[in-house]
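Trainee: Let me give you the structure first, and then I'll get to my questions.
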Amino acid sequence: MPTMNMIQALNDAHKVMMRADEDIVVFGEDIGYFGGVFRVTEGLQKEFGKTRTFDAPISEGGIVATAVGMAAYGLKPVIEIQFADYIYPGYDQIVSEVAKMRYRTAGEWTMPMVIRTPYGGGIFGGQTHSQSPESLFTHIAGLKVVIPSTPYDAKGLLIAAIEDADPVIFFEPKRIYNGPFDGHHDKPVKPWSKHPASDVPEGHYTVPIGKAAVVREGNDLTILAYGTMVHVALASVEEQGLDAELIDLRTLVPLDLDTIERSVKKTGRCLVVHEAPRTSGFGGELVALVQERCFYHLEAPVERVTGWDTPYPHAYEWAYFPGPKRMKRALEKVMAD
Amino acid sequence: MSDKDPSLRRNAPQLQLHVPEPPFRPGDTPDFSSLKIPAAGEAPRPDTGVPASETHALTTALVRVLGDDDKSVGAWDPKLDPETLRKMLRDMVTVRIFDDRMYRAQRQGKTSFYMKCTGEEAIAIAAAAALDREDMHFPTYRQQGLLIARGYPLTEMMNQIYSNKGDKLRGRQLPIMYSDKAHGFFSISGNLGTQFPQAVGWAMGAAIKGDSRIAMGWIGDGATAEGDFHSAMTFAAVYNAPVILATVNNQWAISSFSGIAGAERATFAQRAVGYGIAGLRVDGNDALAIYAAVKWAAERARSNKGPTLIEFFTYRAEGHSTSDDPSGYRPTNEAKLWPLGDPIERLRAHLLAIGEWDEERHATMTAECDAQVRAAQKESEKLGILPQQGKDNIESMFDDVYADVPWHLAQQREEAVSEGRG
């Protein structure tokens, strides 16, 4: 089995699908000849030609809008928004058009498309290259929201997203494109090749949308995480010597609540983790659902580890990022009594 | 002392904010004598394959075919056969009667909302006649004429307006937000301008696939201020998309005159110049000029010569919608004094002038159209009107959010059904 980092796995997913389905078109800023600023679309234009893989103007609204028109025509657009921080000019088209088309036309027009976008911090990207805006999309009926955390899942989930009948916002945790990140920014980066999930099968396979993964089984508490924070959380529980059950949500909408519920009822404690700011973050939804489903099994209040409610500050990245210290403090709190 | 205190900078000229104001307000007597209206037949008609720059003189002109003598004249005369002219006239009359009936239905409480296109009927009807039946329209809410010209059943339109049991959109959309794939009519959005770049995307799709069909996007003068207008123009230009981009300049965006969208500085057609695409400015009350311009742009698009921006210069003769009363912001007699006249009257006069029509035939046809609309309304109302809707089949609210109903919607559906209607 080939060893791939997340970029190679995502690239491979494109190739597998574009070879199988001539209706797939890929476009976005710098994604053609150059292959994208993170190289995810490298080689696609060479293999599939300029009419199926091409550079777009710096116009996220235009990229999403023309993808809507192409989907209406019968194509399957897989578009890249260069950074999740740039997605806002396309927000009206995503929210008012992409998300609602099936509903407003009672199924006459559907919008099967994938909007890929690198998100999250930890790369010294400053305010405009570090944000985690997933909750702006989980709030919108009609969208599915997917966030992989390993090369294996990235390829399988992207293929599943491309095959999905509904629009999928596909957030790629760019901090872990090249290797899992344990939250210790001062240590050298471990490459994916040392991680078992870098074994990525050739050809077609899917990881189902709407299905969480239990990354680590345990009995002390349940940790709910996604994206980069899966790896940060895993390192933290090991450092703290806790027998935590770590759930990688993988899909935020539709959420695999059964897996969450089963776990929290078993452990009686729950910690919710994400990079995004705390207020109205997806963690708020998770906490609400956990208390609705598991209230009488809880032995402690559900805690959150999140980014602060500030813009992402460049030089203060490691005071902002929810790293090992914030994790440790929250783990101690949720494990007290 | 605040930063805003101008006394601190007394030596510099005082800056002034310009807020455009329409020439006439309620109580004023509209006077359009300063409006330059070129004579019919005056505008040259370039070959459809010319470089875009050779059309740019036409962005400040006005393509007109119907002259003051009601005859067709000039290079843009599409020389249509009388049968096509009569079909266009009939469709326009049908639209106007339909609008009147549905406006009244709203006033009678049978639905929540309606929008007429009075004075603008020629635009959609002639555009529909000029394009192929297989071409795709991305309309705004004032192109009901496209559906009527393409023979979409009037009852279907009314079922949607009433959100009744026959409404194919299942009561989910505001009245008149039609959608019909089979008639090449994309779902109308209430978020203005969104469809304009979508039309470009559809056309790009057609080009990617080597299709021969083209797309036509529609927008109003007001919504040209949206970023989507710029996106559409940019993508159309960059990819040489086979698309016609139509701006219906009816001069009013609810209560804001076209100056608030930038019309004091340049025509809407002139925006083509900066993007380097073809541009035409057309008398929007002249069915023959509209037909000729759309045909020209279609031929250009179909032969890979690229997109065209067309401005249809017209006047919104009635309120924005049933929720609007224009007497609060413009003179009530402005529509009557509008110098480009009424599009239906002008086409009728043309048919009379060329001896292909008479008053009796017109009266008969009008009565037929009226009967057709009334019959459709009767038929539609059998399936219900809005006040009776929204009680049954509450579970259908949760369909079509996704292809399959996820668990959280299934759970909410159960709650909603047990709760019933408030």
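Trainee: Listed residues A:190, A:211; which is without any contact (Cβ under 8 Å) to a residue 40 or more places away in the chain and at negative phi?
Mentor: On inspection, the qualifying residue turns out to be A:190.
Trainee: When the residues of region B:315-336 are narrowed to those that are under 21 Å from residue B:28 (Cβ atoms) and of a type in the set (Ser, Thr, Tyr), which ends up surrounded by the fewest Cβ atoms within 10 Å (Cβ to Cβ)?
Mentor: Among them, the one singled out is B:327.
Trainee: Please go through region B:368-412 and pick out each residue that is away from chain A (no Cβ under 14 Å) and at positive phi.
Mentor: B:384, B:390 - these are the residues of region B:368-412 that are away from chain A (no Cβ under 14 Å) and at positive phi.
Trainee: Do any helices (runs of 4 or more DSSP H) lying entirely in region B:314-422 carry at least 3 residues that are closer than 29 Å to residue B:164 by Cα, and which ones are they?
Mentor: B:359-382, B:407-419
Trainee: Taking the options B:223, B:232, B:206, B:236, name whichever one is within 13 Å of chain A (Cβ to nearest Cβ), assigned to a helix (DSSP H, G or I) and surrounded by fewer than 24 Cβ atoms within 10 Å (Cβ to Cβ).
Mentor: Of the residues listed, the single one that is within 13 Å of chain A (Cβ to nearest Cβ), assigned to a helix (DSSP H, G or I) and surrounded by fewer than 24 Cβ atoms within 10 Å (Cβ to Cβ) is B:223.
Trainee: How many residues does region B:245-265 hold that are among the aliphatic types (A, V, I, L, M) and either more than 25 Å from residue B:319 (Cα to Cα) or in a strand (DSSP E or B) (or both)?
Mentor: 4
Trainee: Taking residue A:142, is it within 11 Å of chain B (Cβ to nearest Cβ) and under 18 Å from the mean Cα position of the chain (by Cα)?
Mentor: So residue A:142 passes the test.
Trainee: Same structure, new question: Find the residue count for region A:235-251, including only residues that are surrounded by fewer than 24 Cβ atoms within 10 Å (Cβ to Cβ), among the aliphatic types (A, V, I, L, M) and either more than 21 Å from residue A:120 (Cβ to Cβ) or within 14 Å of another protein chain (Cβ to nearest Cβ) (or both).
Mentor: Matching residues across region A:235-251 total 1.
Trainee: Which one of the conditions (1) on the phi > 0 side of the Ramachandran plot; (2) touching a Ser or Thr at 6+ places or on another chain (Cβ under 6 Å) does residue A:250 fail to meet, given that it meets all the rest?
Mentor: The failed condition is (2).
Trainee: Sticking with this one: If residue A:166 satisfies every condition in (1) within 11 Å of chain B (Cβ to nearest Cβ); (2) in contact with an Asp or Glu (Cβ under 7 Å, 6 or more places away or on another chain); (3) more than 22 Å from residue A:62 (Cβ to Cβ); (4) crowded, with 20+ Cβ neighbours inside 10 Å but one, which is the exception?
Mentor: (2)
Trainee: Name the single residue that is nearest to residue A:259 (Cα to Cα) among those in region A:299-320 being surrounded by 15 or more Cβ atoms within 10 Å (Cβ to Cβ) and in contact with a strand residue (DSSP E or B) (Cβ under 7 Å, 6 or more places away or on another chain).
Mentor: The qualifying residue nearest to residue A:259 (Cα to Cα) is A:302.
Trainee: Let me ask something else. Considering A:144, A:155, A:100, which residue is out of contact with any strand residue (DSSP E or B) (no Cβ under 6 Å at 6 or more places or on another chain), within 30 Å of residue A:264 (Cβ to Cβ) and surrounded by 16 or more Cβ atoms within 10 Å (Cβ to Cβ)?
Mentor: A:155
Trainee: Then there's this: Looking for something within 12 Å of chain A (Cβ to nearest Cβ), surrounded by fewer than 24 Cβ atoms within 10 Å (Cβ to Cβ) and not in a helix (DSSP H, G or I) - is there at least one such residue anywhere in region B:106-116?
Mentor: Looking through region B:106-116, none of the residues is within 12 Å of chain A (Cβ to nearest Cβ), surrounded by fewer than 24 Cβ atoms within 10 Å (Cβ to Cβ) and not in a helix (DSSP H, G or I).
Trainee: Can I ask one more? Restrict the check to region A:113-122 and report whether at least one residue is more than 10 Å from chain B (Cβ to nearest Cβ), over 19 Å from residue A:27 (Cα atoms) and in contact with a His (Cβ under 6 Å, 6 or more places away or on another chain).
Mentor: Within region A:113-122, not a single residue is more than 10 Å from chain B (Cβ to nearest Cβ), over 19 Å from residue A:27 (Cα atoms) and in contact with a His (Cβ under 6 Å, 6 or more places away or on another chain).
Trainee: With respect to residue A:232, is the statement that it is of a type in the set (Val, Ile, Thr) and within 14 Å of another protein chain (Cβ to nearest Cβ) true?
Mentor: no
Trainee: Could I ask something else about it? Test of understanding: among B:180, B:167, B:211, which residue is surrounded by fewer than 21 Cβ atoms within 10 Å (Cβ to Cβ), within 12 Å of chain A (Cβ to nearest Cβ) and of a type in the set (Asp, Glu)?
Mentor: On inspection, the qualifying residue turns out to be B:211.
Trainee: Of B:130, B:124, which residue is more than 14 Å from chain A (Cβ to nearest Cβ) and free of Cβ contacts under 8 Å to residues at least 60 places away in the same chain?
Mentor: Residue meeting the stated conditions: B:124.
Trainee: Let me ask something else. Take region B:71-99 and flag every residue that is in contact (Cβ under 8 Å) with a residue 60 or more places away in the chain and of a type in the set (A, V, I, L, M).
Mentor: B:80, B:85, B:88, B:89, B:92, B:93, B:97
Trainee: For residues that are of a type in the set (Val, Ile, Thr) and closer than 17 Å to residue B:199 by Cβ, scanning just region A:90-112, find the one that is farthest from the other protein chains (Cβ to nearest Cβ).
Mentor: Only one residue tops the list, namely A:98.
Trainee: Continuing with the same structure: Being farther than 23 Å from residue B:160 by Cα and touching a residue at least 12 places away in the same chain (Cβ under 8 Å) is true for just one of B:112, B:53. Which residue is that?
Mentor: Every option except B:53 fails the conditions.
Trainee: A further question on this structure: Let me spell it out: the conditions are (1) in a loop (DSSP other than H, G, I, E, B); (2) over 29 Å from residue A:159 (Cα atoms), and residue A:296 meets all of them except one. Which number is the exception?
Mentor: The single condition residue A:296 does not satisfy is (1).
Trainee: Further, regarding this structure: Any idea which of (1) within 8 Å of chain B (Cβ to nearest Cβ); (2) of a type in the set (Phe, Trp, Tyr); (3) within 25 Å of residue A:249 (Cβ to Cβ) is the one residue A:86 doesn't satisfy?
Mentor: Unmet condition: (1).
Trainee: Of the residues A:230, A:207, which is among the β-branched types (Val, Ile, Thr) and either assigned to a helix (DSSP H, G or I) or in the same structural domain as residue A:157 (by TED's automatic domain parsing) (or both)?
Mentor: Of A:230, A:207, the one residue that is among the β-branched types (Val, Ile, Thr) and either assigned to a helix (DSSP H, G or I) or in the same structural domain as residue A:157 (by TED's automatic domain parsing) (or both) is A:230.
Trainee: Further question: Among the residues of region A:63-78, what is the count of those that are more than 8 Å from chain B (Cβ to nearest Cβ) and surrounded by fewer than 24 Cβ atoms within 10 Å (Cβ to Cβ)?
Mentor: 1
Trainee: Residues in region A:43-77 that are aliphatic (A, V, I, L, M) and touching a Leu at 6+ places or on another chain (Cβ under 8 Å): how many?
Mentor: Residues meeting the conditions: 0.
The values are calculated or read from the model by the stated rules, or taken from the named source; none is laboratory data. Predicted model only: the values in this text are computed from it and were never measured. Reconstructed Cβ throughout: ideal geometry from the backbone, glycine too, with neighbour counts over all protein chains shown.
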